[in-house]
Every structure is written in C-alpha cells, then in structure tokens.
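The values are calculated or read from the model by the stated rules, or taken from the named source; none is laboratory data. Just so it is clear, the model here is predicted, and its values are computed rather than measured. Please note: Cβ atoms are built from the backbone with ideal geometry, for glycine as well, and neighbour counts cover all protein chains shown. In case anyone asks, the SASA skips ligands and DNA or RNA and just uses the protein heavy atoms, side chains included. Shrake-Rupley method; radii C 1.70, N 1.55, O 1.52, S 1.80 Å.
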Amino acid sequence: MKQLNENAIIIGLEKINLDDFPNLKVLGCNCTGLDHIDLEECKRRGIKVISLRDFPFFMKTITSTSEHCFGLILALMRNYRTALNPPYKDREEYKGHTLSDKVLGIIGYGRVGKQLKKMAVGFSMTIITHDKGESYLDNLLEESDVVSLNVNLEGNENFFTRDMFQKMKPTSYLVNTSRSGVIQEGALLWALESGTIKGAGVDFIDDPQLLEYAKTHNNLILCNHLGGNTVEDRTRTEDFIKNLVTQYINENNV
C-alpha cells in the first residue's frame, strides 16, 4: 500500500479496512480484479476507485498473466513440478506430452485469452475459444486437452461446476489464472481425487484442502497470485495507476 496523502492511497491485492482511512477520497488499485475491495461501501462513502480494469487499451500491452498461464500449461504437460526438483530420477519417470497438435480450450476470450491464443498458435496447438453468452461450451470441454479459465470473478461465481469437469477428458488439464471463486467450491479437489481430470495449475493458494492435496500429489500446481507479478509489468502498472490518481488529486483538489 502507498499513501499519497491523507485522502488518497494505492493498493494491490491486499485488503484494507476503510474505517482506518476516514478521510479517504480516492482509492487506486493496481489490479483488474476488484473482489478484495468493498465497492458498494466505497460508493456509499463517495470514494473514487481507479483501477486497471477501466483502461483496456493500456492493459493490452500487459502480457505477464498470459505468459504465466502458458507457463502453467507447459509445467503440467512436461511434469516440471517433479522433474525440475530433487531427487532427479531417471528421465523415464518424467515423460510428458508435446503441445503441438494438442487442443487448448480458452474460456473467456478477453485480453488474456487473446494473448494466450497467440502463444498457443506458436506451439502449433489447436485453439477453441468460448466467451460469455456463446453456446458451444460443451464441445470445448469434450475436445480440449487443456482448458484455461480466463474470466472475471464478478458475474462468474461458481461458474465452473462439477458437471463441467465430468465433460472433460480424463487425460486433460485445467489451468485457472482467474480467481478461485470461478470454480464451484470443492469441485476441483473432487475432479483431481476422482481422476476425472489428469491435473491442474491454479494461481491461488486460498483453499486449505487444495494445499493439503498438493503436499502429497504431483498433479496440482499452486501459485500465490503470480499472474501479473513481474518486475516489468508491476513497475508499468504501478506507475500508470499512480499517475492517474495524482491527476485526479490535482484536478479535484483532493
């Protein structure tokens, strides 16, 4: 958190108690997902919220989340979780899969989904995309070797259900770089334990049951919100939000 003055602060993914900032007039957020901010309370208090989600043209230049997403795909397909760490067993233990000619299903064809598609084309993958309101989701689930979730949490709570896992191939993988809440509670653990899918890579560590599962199983990769966490993109987005908040302060005498 950075406090520019008594009326203005900038945060990332950390949660804050608005009662700790009684004079707050503008809240900058260096994120696109705002589920950690009480937006209704900010509106009630007249607090201006400035976030990255309102600037899609700028965000098109930010690629770290899609790169991370593709990194998880590679890690799952090539067994990197075990292969890159001691004890280094015989190479036959780590035999993986080529990405060429595999099918990638992208659910949520916005900024990250479009960037991910470009990367997958470079690996000669076949791509199926699905966006909100489209009707052919079942085909994507049935045909994909990897399913990637790239949707906003808002409006998609518990979107990916146990029934949807059952439509996937038992040899397929799920990658979720959105938020944990887009998957129905308990559904991912069930899919892994039952062998409904082969493995998963997710960008959150807020599910205690998944944390326990990962201690004894190698087919689940957990990351602590690493999507946008690169030196270059963090610097660019932080500077961008700081400039916007400073401009708002100057223009509104905050």
- Flag for Asp203 being modelled with pLDDT of 95 or more and open to solvent by 30 Å² or more (accessible area, probe 1.4 Å): no
- Note on the structure: Those residues of the stretch 111-154 that are assigned to a loop (DSSP other than H, G, I, E, B), among the β-branched types (Val, Ile, Thr) and without any contact (Cβ under 8 Å) to a residue 40 or more places away in the chain come to a total of 0
- List every residue pair whose Cβ atoms sit under 7 Å apart, with the two residues 6 or more apart in sequence or on different chains, where the first one lies in the stretch 79-104 and is at pLDDT below 95 and the second, anywhere, is in a strand (DSSP E or B) and open to solvent by less than 100 Å² (accessible area, probe 1.4 Å). Arg81/Ile221
- Message: What's the number of the only condition in (1) touching a residue at least 40 places away in the same chain (Cβ under 8 Å); (2) open to solvent by less than 40 Å² (accessible area, probe 1.4 Å) that Arg179 fails to meet?
- Response: (2)
- Do you know which of the residues in the stretch 56-79 that are over 19 Å from Leu174 (Cβ atoms) and over 18 Å from the mean Cα position of the chain (by Cα) is least open to solvent (accessible area, probe 1.4 Å)? Phe58
- Message: I'd like the residue in the stretch 80-104 that is touching a strand residue (DSSP E or B) at 6+ places or on another chain (Cβ under 9 Å) and in a loop (DSSP other than H, G, I, E, B) and, out of all such residues, is most open to solvent (accessible area, probe 1.4 Å).
- Response: Asp101
- Message: Where the second residue is of a type in the set (Asp, Glu) and loosely packed, with under 15 Cβ neighbours inside 10 Å and the first is within 12 Å of Glu154 (Cα to Cα) and lies in the stretch 23-42, which pairs have Cβ atoms under 9 Å and are six or more apart or on separate chains?
- Response: Gly33/Glu154; Leu34/Glu154; Asp35/Glu154; His36/Glu14
